[in-house]
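Have a look at the structure below, then the notes.
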Amino acid sequence: MADRLFRAEGVTKRFGGLTALKDVSIEVDEGSIFAVIGPNGAGKTTLFNVVSGVYRADEGAIWLGGSTLHGLGTHRIARLGVARTFQITRLFKQLSVMDNVILGLGRGDIPMGGLIRGPRSKEAVDKALETLAAVGLEKSADTKAGTLPYGDQRRVELARAMAMKPRLLLLDEPCAGLTHHEAVNLAEVVRQVRDTGVTVVLVEHNMHVAMGLADHVAVLDHGEKIAEGTPETVQRNPLVIEAYLGRGESGESHA
Amino acid sequence: MLYLVTVSTMVCIYIILASGLNIITGYAGQPNLGHAAFFGIGAYASALLTTKVGLSFWAAMPLAVVIAASVGFVLGIISLRLREDFLAITTIGVNFVVVSVFLYFDYFGRALGLGGIPRPSIFGHVLNKPEYLVLVVFLVAAVLLVCWVFSRSRLGLMVSAVREDELAAHSLGLNVTALKLAAFVFGTALAGLGGSVYAHFMTFISPYDFAFPVSITVMCMVVLGGAGTFWGPVVGAIILASAPEIMRFIQQYRMLIYGGLLAVLMIFQPAGLLGADSVFVRGGARLVARVRGRVVQSG
Amino acid sequence: MVIQQIANGLVLGSLYALVALGLTIVYGVLRVLHVAHAGVFVLGAYAGLLVYVSSGSIVLCLAVAMLVCGFAGFLMYRFLYRPVLGRPALIPLIVSIGTFMFLEDLYRLVMGPYIKALPLKLSLPGLDLPFLRLTGQQLFIVGVTALLLLALWWLMKGTRLGLAWRASAQDMETAGAHGINTDVIVGLCFVIGSAIAAVAGIMVGSYYNQVYPSMGSVPAYKALAVIVLGGLGSVPGTVVAGLALGLAETLTMVWVGTILPREAIAFLVLILMLLVKPTGLLGRAS
Amino acid sequence: MRTAKLKVFVAVLCVLGIVLAMSGCGPKRPEVVKIGVYAPITGPAAADGLAATNAAQLAADKINEAGGINGTRVEILTYDDRFESASAVAVAHQAIERDGVVALVSGSYSTPTRAVAPIAQEAGIPHVAGYAVHPDVTAAGNYNFRNSFVGTVQGKAGAWVAINQMNAQKVCILMVDTDFGRILGETFQAECEAAGVQVLSADTYPYGEKDFSALMTKIKGLNPDLLYATGYYAEGAAIALAAKTAGLTCKVLGMEGMDSPMFLELGGEATEGWVITSNLNRDDASPVTQEFIEEYETQFGIQADMVAASTYDAVLIVCEAMRLGGFEPAAIRDAIAGLQNFQGATGLIQGFTAGGEVIKPVQVQIVEGGEFHYYAVVDDPAIITPPN
């Protein structure tokens, strides 16, 4: 078995009287794809926001490799090698696709001479094009990011995260809003990313996507982890079935 | 000829101010409706350092820049805590408060202002207005060079990323705090430089020279030319600073035109004359494309 | 004398509250820093002046000014703010400032630069006690402020419009999704807020007996300070903040002397408060 | 950018060339002589700008109707300084270089006038300030003159009136916080203290202030027998109204900033009995004054005020100097400096000091029946001669 790259232990997050995450623990193996699933409002995005430092956990510990992430600011966590995408894409819309990806390079460092030297060194452009090629967007490099179709924007966001050469890649509902065809393509890209040695944690509302992609699955419901295991075992877990189907209709309409 | 020299000098000062505001509002996307406060801080610092402390222009000017930038740093820290609209009100407030401080403390000459500010001298020769303009043109060239480098540097790209989406910038490891502060410091430093240049040009200054309407004028220049573009503020400053001089008939209607222009531009052409979505830029691009097309056809 | 000074402060504060009330309603629903509200305020003063001079009727003067300003407010919403909704906050703010500058100069060109008198003849009794002297006009101002506050309170708490307003103020999109016609709500808020601005313009103009093109310059930005202090979008909060500011200014002027001009004091308090509580005094976290 | 500037430069050169070519071959006595008048035509002081430019035009019309200056017509060129010093500098250069004015008249406030003074000095163009009070205006050099009282003269005159005419024993002072208001108030205070008059309070208020209820309540509590108020007509009227509201019944002495029909209109009955120091005596029997007051009102539909009268006289002074000395700027300057006992709308101008300050009696007016009337005149040379 590979080493544990990421651990969250007993993470609790409250917003006023509402407990969004309650004593959640997960462990992720290096080089695997780990999916967190659950109905809407289960606390999946909150978990991501806690891990990436947007929120600070009220209780619990979060580790990446040997270092703790708890209490660090978002950009510090990013510099340690945690990259993420967002449920609704957050691109730098007025900037070109190339510039979006270049901003990911170097994890936010301002290299020597960065005050003076342009961002588009040959080395940077080559790396950015290489990353764009991985998501199939090398032809759109000079397009303004905001003008691309939504599916392409998702891929730019993924490329931007990949450009950071992260150790841990957090994908927040990567297939949301995509056509079936686009979703299948994206899943393939995610697998390729994993194959380069990057550990992937994804949050997914759509169980089929998550089950097809993940090596390991955790299920959240109302902020609590109710099941964990391989896709097959989780799929048969009665708690999970209840969470998804039992209150399915009413749960959806509250979203 | 001194008339032209005067107008040109003022245009140059406005180019410096507008370029500075463009760093803060155009590139970093932080509203700053109190730019004239930093213009004033630079002017008063330079005036006091030369008249009361006895420094020369050459020593006072960089110090004025540093002082304005230091206050800008404080505003930057404040900006980190505030939402966009609250920051806008706060910057307006800063302008009012700074002008009041000039007005209400004897040290700043109160309503009488500060007079007797020397023109700079080189090897004992005091620069006259045309010679001073030459100096100012050099300064503008230096400012534009720095801004040009900034706009094409990795730092400039990162600052633009902060404008576009702070959270996304954070998640890429960009130190948003430092980048915002850098923009505020850089932009207000330029305002301080403009202030110093102004003080030694006018040789006397009074608080109302730096009142809120001046901030609005500079904002108009940036927005008219195109915020976040390199040439936009320059073009805006040239147009708005020289238009009332060239067209005397608009004197009566100057503020009417400014105000109307600002509102209409923001509604229909928020990117300004040189901004990305501007009809002028698109029209120009189309024209270039058509000319090229013809060349290709004929060739 | 202390009681008299407190009364002075409350009268001044009532004027601040009157100017800011309309702005609160607009801000609450649209989150736009409506600087041009002060332009409407001046319009109200001029409209009131023209009607009063020609008719001599206070009721008619208030009514016509409110109608004119309500309509002007609607036009502003429809043609200035609606096209820029959803853009960064700076853009509607600049539109607003530009419009305000335009209006100020328009008034100067149309009505002339001179200050005009607006001596409303109120046949109201004053108060003349040994320790407190208030003219009928001062009582009228405080009374109108109280009346408007009550009316707005009723409007916000007791009517469907108020409910829709509060819902829109909370979350425009959700309100829209639940079948509230937010466009109509926002339009109505502009009409009501602008009509209140007309009342404020007439009150301020007649109290100081001065109506002039730039009479909105200071209220334009000071009213912003008042609504932020009052916790953006809170009607009673705005009145409390207005009164508090009027009192604070009056009392510092008496006991400390003039340290800074009034607008600087207002902004200084505002900045300090925002530093302590960046979301406003009673505001919610965004 | 620099090419654009170059183009403007070349264009202006061409225009200048044409102008020079056209004017260069004229006879010794020109047909038209140009006087530049700058004033805040737009901006917060636009009302005063309008009064000043109207009055200047009226003065020129009057001279032209009477056949001009020895046959030469006077042309007034007006410039908008927007109440900004930077704009004032630009228009001064424009007037001198592009438009070739032989003299400049300031119809503006201290700040713009102060910016113009050194430019006029450097260019050798006589410059007469209508009502700007800052000492730096005349300190800029011998081409600069002032047709209004320096602050210290009016402050002293005010104290003299307060003590000798109004019998003040205990005074309160209220100063608008501008250079103008402070110099007057502080001089008044010093004079009163020197004469043994008790000064109960000296408060300042910001320019543009409207609410005086707190200050009036405070002053009422101090129970003075005279209030000395400096300020402009808008503030003056607001003070009068607030004093009435607060029930303040002491005498009030104001100054020339309140010399305006607007003061009477805005303050209404509350201004009744106010005494002000000014330079315009509406009951002056002199035909110059009476004609000015009459014609100004018929032509512009509003009564003349101190700003209008002072600017009017400044233009008259320049024209008189041209009549005496010819049309060369240096000669005009010398003629102004040597002027003696010239009758203007603001009274008999005795002459100018070496420092360029006017010597003329201070007029004291009282509001009676909603109009300004003669109250007293201060002509003691010890008071009205400005210090040099």
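The values are calculated or read from the model by the stated rules, or taken from the named source; none is laboratory data. The structure displayed is predicted, hence computed values, not measured ones. Ideal geometry is used to build each Cβ from the backbone, glycine not excepted, and the neighbour counts take in all protein chains shown. Just the protein is used for accessible areas: all its heavy atoms, side chains included, with ligands, DNA and RNA removed. Shrake-Rupley method; radii C 1.70, N 1.55, O 1.52, S 1.80 Å.
Quick rundown of the values:
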{"quantity": "DSSP-defined beta bridges in the protein assembly as shown - what % are antiparallel, rounded to 5", "calculated": "45"}
{"quantity": "Kyte-Doolittle mean at least 0.0 and Cα axial length at least 15 Å: DSSP H helices in chain D", "calculated": "D:2-24, D:46-65, D:233-246, D:306-325"}
{"quantity": "The protein assembly as shown: Cα Rg divided by the 2.2 N^0.38 Å rule of thumb", "calculated": "1.05"}
{"quantity": "Per-selection Kirkwood Rh - the stretch D:173-237 (Cα, Å, 1 d.p.)", "calculated": "12.2"}
{"quantity": "Test item: D:125-134 mean partner chain Cβ contacts at 10 Å", "calculated": "1"}
{"quantity": "Solvent-accessible area buried by pairing B with C, both sides, nearest 100 square angstrom, 1.4 angstrom probe", "calculated": "3600"}
{"quantity": "Cα Rg, Dmax (largest Cα-Cα span) when computed across chain D, Å", "calculated": "21.5, 72"}
{"quantity": "Semi-axis lengths, Å, chain A, gyration tensor of Cα atoms, sqrt of 5 times eigenvalues", "calculated": "31, 21, 17"}
{"quantity": "Residues along the stretch D:67-102 losing 30 Å² or more of accessible surface when the other protein chains are present rather than the chain by itself (probe 1.4 Å)", "calculated": "D:Asp80, D:Arg82, D:Ser85, D:Ala86, D:Val89, D:Ala90, D:His93, D:Gln94, D:Glu97, D:Arg98"}
{"quantity": "Three-way shape label, the stretch A:23-167, alpha-carbon gyration tensor, a/c 1.5", "calculated": "prolate"}
{"quantity": "Per-q log10 I(q)/I(0), the stretch C:92-208, q = 0.11, 0.13, 0.23 Å⁻¹ (Debye; single scatterer per alpha-carbon; no solvent)", "calculated": "-0.61, -0.79, -1.25"}
{"quantity": "Value of Rg to Rh for the stretch B:90-167 (Rh from inverse mean 1/r over Cα pairs, i.e. Kirkwood)", "calculated": "1.16"}
{"quantity": "Protein accessible area in the stretch D:176-247, 1.4 Å probe - carbon and sulfur %", "calculated": "48"}
{"quantity": "Chains D and B together, accessible area buried on both sides, 1.4 angstrom probe, square angstrom", "calculated": "3100"}
{"quantity": "Set of aspartates and glutamates near D:Lys251 by C-alpha distance (under 15 Å), chain-local residues within fewer than 8 positions excluded", "calculated": "D:Asp225, D:Glu269, D:Glu272, D:Glu368"}
{"quantity": "List of the stretch B:88-134 residues, accessible area with partners at least 50 Å² below that of the chain alone (1.4 Å probe)", "calculated": "B:Ile89, B:Phe96, B:Val97, B:Tyr104, B:Arg110, B:Ala111, B:Leu112"}
{"quantity": "Directionally averaged projected area (convex hull, Cα atoms, the stretch C:18-133), nm²", "calculated": "9.7"}
{"quantity": "Chain A - share of DSSP beta bridges that are antiparallel (%, nearest 5)", "calculated": "55"}
{"quantity": "Accessible area buried at the C-D interface, both sides summed, 1.4 Å probe (Å², nearest 100)", "calculated": "2400"}
{"quantity": "Candidate lysines for bridging to A:Lys22, where Cα separation is under 30 Å - those fewer than 8 sequence places away on the same chain excluded", "calculated": "A:Lys13, A:Lys44, A:Lys225, C:Lys277"}
{"quantity": "In degrees, nearest ten, helix B:129-151 long axis to first principal axis of chain B (Cα)", "calculated": "50"}
{"quantity": "Calculated log₁₀ intensity ratio I(q)/I(0) where the Debye formula runs over C-alpha points of the stretch C:14-220, q = 0.11, 0.16, 0.18 Å⁻¹", "calculated": "-0.53, -1.02, -1.22"}
{"quantity": "Tensor-based shape of the stretch D:88-229 (alpha-carbon gyration tensor, a/c under 1.5 rounded, otherwise prolate or oblate)", "calculated": "prolate"}
{"quantity": "Per residue accessible area of the protein assembly as shown, 1.4 Å probe, in Å²", "calculated": "37"}
{"quantity": "Computed over chain A: relative contact order in percent, which uses C-alpha pairs under 8 Å that are six or more apart", "calculated": "27"}
{"quantity": "Relative compactness, the stretch A:90-165, computed as alpha-carbon Rg over 2.2 N^0.38 Å", "calculated": "1.02"}
{"quantity": "Crossing angle, helix A:122-134 versus chain A [Cα axis fit, 0-90 degrees, rounded to tens]", "calculated": "40"}
{"quantity": "Shape box of chain B [Cα atoms, principal axes, largest first, Å]", "calculated": "68, 50, 40"}
{"quantity": "Neighbouring partner chain Cβ atoms per residue of C:132-143, average, 10 Å criterion", "calculated": "1"}
{"quantity": "The stretch B:1-71 pair-distance distribution - Cα-Cα, 10 Å bins, rounded %", "calculated": "19, 40, 33, 8"}
{"quantity": "Percent carbon-and-sulfur accessible area, the stretch D:20-136, ignoring ligands, DNA and RNA, probe 1.4 Å", "calculated": "54"}
{"quantity": "Lys/Arg +1, Asp/Glu -1 at C-beta; the stretch A:108-211 dipole; positive extreme among A:Met164, A:Ala145, A:Ala124", "calculated": "A:Ala124"}
{"quantity": "Interface residues, the stretch B:177-204 - accessible area loss of 10 Å² or more versus chain alone, probe 1.4 Å", "calculated": "B:Tyr198, B:Met202, B:Phe204"}
{"quantity": "Helix runs (DSSP H) in chain C reaching 20 Å along axis by Cα, Kyte-Doolittle at least 1.0", "calculated": "C:2-30, C:37-55, C:58-76, C:90-111, C:136-158, C:182-207, C:235-255, C:262-276"}
{"quantity": "Chain C, accessible surface, carbon-and-sulfur percent (1.4 angstrom probe)", "calculated": "73"}
{"quantity": "Segments D:132-139, C:77-84, B:156-163 sorted - mean Cβ within 10 Å per residue, highest first", "calculated": "B:156-163, D:132-139, C:77-84"}
{"quantity": "Built amide H within the under 5 Å cut-off of C:Gly231, gap 5+", "calculated": "C:Leu281, C:Leu282"}
{"quantity": "Ranked packing of B:17-23, D:318-324, most packed first, by mean Cβ within 10 Å", "calculated": "B:17-23, D:318-324"}
{"quantity": "Listed peptides A:180-191, B:167-178 by packing density, highest first (mean Cβ within 10 Å)", "calculated": "B:167-178, A:180-191"}
{"quantity": "Neighbourhood charge, 11 Å Cβ-Cβ cut-off, centred on D:Glu65 and excluding it, Lys, Arg +1 and Asp, Glu -1", "calculated": "0"}
{"quantity": "Cα gyration tensor category, rounded, prolate or oblate, for the stretch B:89-218 with a/c compared to 1.5", "calculated": "oblate"}
